[in-house]
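The values are calculated or read from the model by the stated rules, or taken from the named source; none is laboratory data. What you are looking at is a predicted structure, and each value in this text was computed from that prediction instead of being measured. Glycine gets a Cβ as well: all are built from the backbone with ideal geometry, and neighbour counts include every protein chain shown.
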């Protein structure tokens, strides 16, 4: 066994996932890891990872080279540096544009913003989220419109409440998201509860859509029943993106 010290954690983890690619990081934490002569067996057949993609042990957890594991299982592995997303299997197709990089056509009673750090009620962390609701005291809608000019095939995102909701009892309906393509409803999320066990997947065909409108209708029906404690709690539209 060899003990390697003073390795930047982000560089190390990303390097083992995607060998040969170096990403800038502002993390400067150093860690001690132990390299072991790990052996990998797939359905009883031993496979050896490429040089430089060895696994290691850190704090009692064994880390393995994701690209080697995925590709050995016949799955393509991809990396999106914009959202820090790792794709195993199906990869994003076409040119991807995130809503955070787009200008809105209009914005009415806007109570939302893009945030770089968003943690869901399930404890999952994301780096590109559209915080749809910032204050449950107000009724009405959040509207943003985007000009697509018929050039985008898909709209994809995840929906999840933020971590603050995990501290309180369940709310069955925080509100719901509606997408309009040229003023016609093309997607409805249905009621969004505060105790989701996994994010809601949004995958909408936007082929031919000239103008996309996002509407979030807040459910204020429980306001007044101690609802003030949810002040500034948010729902995240996570990794919202359009694919050409």
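Scanning the range 79-94 for residues that are more than 15 Å from the chain's Cα centre (by Cα) and modelled with pLDDT of 80 or more yields a single hit, 89. Taken together, the criteria place residue 54 among residues that are more than 26 Å from residue 147 (Cα to Cα), at pLDDT below 85 and surrounded by 11 or more Cβ atoms within 10 Å (Cβ to Cβ).
Answer yes if at least one residue in the range 183-200 is touching a residue at least 40 places away in the same chain (Cβ under 8 Å), within 29 Å of residue 150 (Cα to Cα), part of a strand (DSSP E or B) and assigned by TED's automatic domain parsing to the domain that holds residue 125, and no otherwise. Among the residues of the range 183-200, at least one is touching a residue at least 40 places away in the same chain (Cβ under 8 Å), within 29 Å of residue 150 (Cα to Cα), part of a strand (DSSP E or B) and assigned by TED's automatic domain parsing to the domain that holds residue 125, which makes the answer yes. The residues of the range 135-160 that are at pLDDT below 90, buried (at least 17 other Cβ atoms within 10 Å of the Cβ) and out of contact with any helix residue (DSSP H, G or I) (no Cβ under 9 Å at 6 or more places or on another chain), listed by number, are 142, 143.
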